[in-house]
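The values are calculated or read from the model by the stated rules, or taken from the named source; none is laboratory data. The structure presented is a predicted model; accordingly, all values stated were derived computationally and were not measured. Glycine gets a Cβ as well: all are built from the backbone with ideal geometry, and neighbour counts include every protein chain shown.
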Amino acid sequence: MTRSGDVRQKDVLPKYELLVVPMLEALKRLGGSATVDELDAAISSSLGLTDKQLQIPHGRENDARTELEYRLAWTRTILKTAGLVTNSSRGVWALVNAEVDTRSVDPKMVIKKHRDEYLSRRSKTAKKSKKGGTEIDPAAEDDWTDRVLASVQKIKADQFERLSLRVLREAGFVDLTVTGRVGDGGIDGKGIVRVNGVVSFHVVFQCKRYVGSVSGEQVRGFRGAIEGRADRGLFITSGRFTTAAKAEATREGARPIDLIDGTDFAGMLKQFGLGVKTRMVETTDIDDEWFGRL
């Protein structure tokens, strides 16, 4: 449930109609394709939004996204329905037409096309379900990561730590040990990652089962704890990282810290088949031209 104060804050953010063209332009600037993080960062920069605006929470229970991230997710869905963008299973979004002239795009018509398609789909769903009046959020429906993270948020902190260890082992880390204890600066464990079986890096990590955001101050504090202990740091959260946290992690001249947020974590669970199953659906296509060549 959103508070009235949150609603007033959200009024200062661009509506969907004002995000359609910036989304397309951002994709063009990024070479025709981009990850969600790249898109969000590019659009936030082009719109000149303040840190305060960027941190306005969406407010829905078990949804760690900011309001802007939520609106951008909807905008991607709108553009996909309109046939202007597409996305891969690895979360990369791309222009259908890399040479699209954004000046010829009418945001109102794009949104209308999406709305018509959405209402048509909902009408068909209503006929098959007793809960036909329930509205489905297409952005959440298309984003399976929300469902994965909802399950992750239900587990205990020590379970999340064990799950993180499993993910890291699947990713190729060796000699993993849990070292977390009071006064250890937030360090939960350490391990070694080998690159191509030749170069090795000693890594210490921190795991946070968060619904909300990890701040720049928390990342900075973690860096202080790893000095002299490892080559790199790794911060894992089921939530998200603020813009300041991402900037701090890559601050020039400082020891690098890699970040794995909830979306990345969900993707790794899917990749390694940990609690996430992918079903393959068989389709049969008839090649009429092949028969014609007999």
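Points to keep in mind about this one:
- Condition met for Ala245 (touching a strand residue (DSSP E or B) at 6+ places or on another chain (Cβ under 6 Å), over 15 Å from Ser164 (Cβ atoms) and surrounded by 21 or more Cβ atoms within 10 Å (Cβ to Cβ)): yes
- Pairs linking a residue in the range 253-279 that is not assigned by TED's automatic domain parsing to the domain that holds Ala225 to a residue that is among the small types (Gly, Ala, Ser) and crowded, with 19+ Cβ neighbours inside 10 Å, with Cβ atoms under 7 Å and 6 or more positions apart or on different chains, do not occur.
- Those residues of the range 24-78 which are at pLDDT 85 or above, polar (S, T, N, Q) and not in a strand (DSSP E or B), in sequence order: Ser44, Ser45, Ser46, Thr75, Thr77
- Residue that is surrounded by the fewest Cβ atoms within 10 Å (Cβ to Cβ), among those in the range 267-294 that are closer than 29 Å to Asp37 by Cβ and of a type in the set (Lys, Arg): Arg279
- Top-ranked residue in the range 84-105 [being without any contact (Cβ under 8 Å) to a residue 60 or more places away in the chain and loosely packed, with under 13 Cβ neighbours inside 10 Å; ranked as nearest to Trp144 (Cα to Cα)]: Ser89
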